[in-house]
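Enquirer: Please see the structure below; I have some questions.
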Amino acid sequence: DDFQKGYRKFSLKSAGKNYIIINACFALKKSDQELIKLRMRHNYQKKKQSQPVLESTAGCVFKNPEGHPPAGFLLEKAGFKGKARKGVGFSDRHANFLVNISQGQSRDALELISEAREKVQELFGVNLELEVKVI
């Protein structure tokens, strides 16, 4: 009851406090083992076609903005698909994934993220909100 949850949404009702979740319990439904394996293979293959699942990423960098095209589309149109700075770059498979190409540094990632946000704002008037948390 302390959390608000939904698809791509999770937050604490106690705003203004920082928390780290170290344990979670889930209620799962029993299903056929072979059916589960088939679904898992299908989902993995589908994801592998469009996302850099075999590379070092933290997942999607930006949330998809409401009322606008997805963040990956905007980043690609702004020229960030495959764009790199030192050891960090936006994936050439999906522009909304930042990849650690070769011992990338956080400062390089943050500079590239800032540059991408500014360019998307300039071109499309959309303020991209981070999906990842920077601490």
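The values are calculated or read from the model by the stated rules, or taken from the named source; none is laboratory data. In this text the structure is predicted, and so the values were computed from the model without any measurement. Cβ placement follows ideal geometry from the backbone for every residue including glycine, while neighbour counts extend to all protein chains displayed. Note: areas computed on protein heavy atoms with side chains; ligands, DNA, RNA excluded. Shrake-Rupley method; radii C 1.70, N 1.55, O 1.52, S 1.80 Å.
Enquirer: Under a 10 Å cutoff between Cα atoms, tell me which one of 91, 11, 56 has the largest fluctuation in the Gaussian network model of the chain.
Expert: In this elastic network of the chain, the residue with the biggest mean-square fluctuation among 91, 11, 56 is 11.
Enquirer: Additional query: How much length, in nm to one decimal, is gained on full extension between residue 35 and residue 106, taken as 0.36 nm per residue of separation minus their Cα-Cα distance? Spell out each step's value before the answer.
Expert: Numbers: separation 71, 0.36 × 71 = 25.56 nm, distance 4.08 nm.
The span from residue 35 to residue 106 would gain 21.5 nm if fully extended.
Enquirer: Pulled fully out, how much extra length does the chain show between residue 26 and residue 121, if you take 0.36 nm times their separation in residues and subtract their Cα-Cα distance? List each step's numbers first, then the result.
Expert: On the way: separation 95, 0.36 × 95 = 34.20 nm, distance 3.91 nm.
In short, 30.3 nm is gained.
Enquirer: Please find, in a Gaussian network model of the chain (springs between Cα atoms separated by less than 10 Å), the residue of 21, 36, 101 whose mean-square fluctuation is greatest.
Expert: 21
Enquirer: Can you tell which of 30, 46, 63 shows the greatest fluctuation in a Gaussian network model of the chain with Cα springs below 10 Å?
Expert: Residue with maximal mean-square fluctuation among 30, 46, 63: 30.
Enquirer: What spacing in nm lies between the two simple spin-label points modelled at residue 5 and residue 68, each 7 Å away from Cα in the Cβ direction?
Expert: Computed distance between label sites residue 5 and residue 68 equals 3.0 nm.
Enquirer: May I pose another question? Pop out the carbon and sulfur fraction of the accessible area of the chain as a percent, whole number, probe 1.4 Å.
Expert: Ligands and nucleic acids excluded, carbon and sulfur give 50 percent.
Enquirer: Another one. Which entries in the list 13/133; 9/30; 9/81; 5/48 go over 21 Å, if you measure between the two C-alpha atoms of each? Write out the running numbers ahead of the final one.
Expert: Details: 13/133 18 Å; 9/30 25 Å; 9/81 26 Å; 5/48 27 Å.
Listed pairs above 21 Å: 9/30; 9/81; 5/48.
Enquirer: Related question: Using the heavy atoms of the protein chains and a 1.4 angstrom probe, tell me the accessible area per residue for the chain in square angstrom.
Expert: On the way: 10620 Å² over 135 residues.
Computed with neighbouring chains in place, this is 79 Å² per residue.
Enquirer: Here's another thing I want to ask about it. Taking 37 °C and 0.692 mPa s as the conditions, I'd like the Stokes-Einstein D for the chain in µm²/s, using the Kirkwood hydrodynamic radius from alpha carbon pairs.
Expert: 192 µm²/s
Enquirer: Something else about it: Would you mind working out the magnitude of the charge dipole of segment 1-94 relative to its Cα centre, with +1 at each Lys and Arg C-beta and -1 at each Asp and Glu C-beta, to the nearest 20 Debye?
Expert: Value, rounded to 20: 160 debye.
Enquirer: Toward the positive end of the charge dipole of the chain, about the Cα centre and with charges on Cβ (Lys, Arg +1; Asp, Glu -1), which of 135, 52, 96 goes farthest?
Expert: About the Cα centre, the residue reaching furthest to the positive side is 52.
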